[in-house]
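K.L.:
One structure follows; several queries about it will come next.
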Amino acid sequence: MSTTSTRSSAERARRTGVLLANLGTPSSASVADVRRYLAEFLGDPMVVRAPRWIWWLVGSPLLAHSRAQARALAERLGPSIPVALGMRYGEPRLESALHELRRGGCTRVLLLPMFPQESSTTTGTLVEKALELARALELELDTLPAFHSHPEYIAALARSVREAAPAGPALHHVFSFHGLPAAYVASGDPYLGHCQATAKLLAAELGLASDDWTLAFQSRFGPQRWLEPYLEPKLVELAARHPRLVLVTPGFLADCLETLEELGLRARECFREAGGEELRLVPCLNERPDFIAALERIVRERLEAGVGSGGRT
């Protein structure tokens, strides 16, 4: 056997693929697809206590953006590092994505949760399910750590903000993250700390003073206490002092109905009714070339460091 043939066989034997993963959305807005999706979602004890945002995924553009992100990342990584898209709930399923990578010759998989700020309700449930499936397929699995503070991610966010709010009259910035029951954080969930770190780094990258930006949390549901300050009351408060705002959602990597309807329509209406003049909603990073380049950099850094097993290394 030639040296070239031996090298090619060795490369195939340790081929690593990337599983780009999100929570998912129903396959369609049909009653059957929505019921099937909700049955699976609400049966997961890791998220059932905080279900409100599920409704924003129904009929969401999330799936289209996720597919575009996976295609764009695959193009940047090249054929030697396959990329598959999988959803924790709904289609395409995590299981089918892992089968796709296995058929492509991968023996190792890097799980890429599309949640920069880690929480048990998002990254946690993705890791648990992916690890279970990977073991059944005899695949080695590693999980990309939270990249809430990665310079490339922060830089892409900052560029998107500058494009939405170019130089001109000073605008107050609101960095809004999805809410979470405070009890999760009290139990050790890292989400709040990750959100605070992202907000501070983004403000610094944008050159904002401490009184030029505000951190808030949206989508509170039910009677229990969630992370504060809550977005809509904060918008009412800010309207009296800052008639023009920029609203940024750093934790959402793809637009969905939550960003388009709850923020783009309801939050804007709330702000204007309180006397505000203008609220500019910055689009999510979606498949922006600079964000996909940032993802490539983050993935390659992890791969170069070596992929471990057991879900996390």
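The values are calculated or read from the model by the stated rules, or taken from the named source; none is laboratory data. What you see is a predicted model; the values in this text were computed from it and never measured. Cβ coordinates were reconstructed from backbone atoms using ideal geometry, including for glycine residues, and neighbour counts include every protein chain displayed. Ligands, DNA and RNA are stripped out before the accessible areas are found, and what is left, the full protein with its side chains, is counted by its heavy atoms. Shrake-Rupley method; radii C 1.70, N 1.55, O 1.52, S 1.80 Å.
K.L.:
Between Glu261 and Ala240, what FRET efficiency follows from the Cβ-Cβ distance if R0 is 35 Å, with the result rounded to 0.05? Working shown, then result.
P.N.:
Values: r = 26 Å, r/R0 = 0.73.
So the FRET efficiency works out to roughly 0.85.
K.L.:
Please report the accessible area of Val299 (heavy atoms, 1.4 Å probe, ligands and nucleic acids excluded) in Å², nearest 10.
P.N.:
0 Å²
K.L.:
Please list, by residue number, every one of the GluC sites (Glu not before Pro) in the range 79-161 that is coil in DSSP and has at most 10 other beta-carbon atoms within 10 Å. All intermediate terms of the calculation are to be shown ahead of the outcome.
P.N.:
Values: sites: Glu95, Glu100, Glu118, Glu128, Glu132, Glu138, Glu140, Glu152; in loops: Glu118, Glu138.
Qualifying residues, ordered by number: Glu138.
K.L.:
Here's another thing I want to ask about it. In Å, what is the Rg of the alpha-carbon atoms in the range 217-313, and how long is Dmax?
P.N.:
18.0, 54
K.L.:
Shifting gears a bit: Identify the chymotrypsin sites (Phe, Trp or Tyr not before Pro) of the range 192-282 meeting these criteria: DSSP loop state and at most 15 other C-beta atoms within 10 Å of the C-beta.
P.N.:
On the way: sites: Trp213, Phe217, Phe221, Trp226, Tyr230, Phe252, Phe271; in loops: Phe221, Phe252.
Counting only loop positions with at most 15 other Cβ atoms within 10 Å, the chymotrypsin sites (Phe, Trp or Tyr not before Pro) in the range 192-282 are Phe221.
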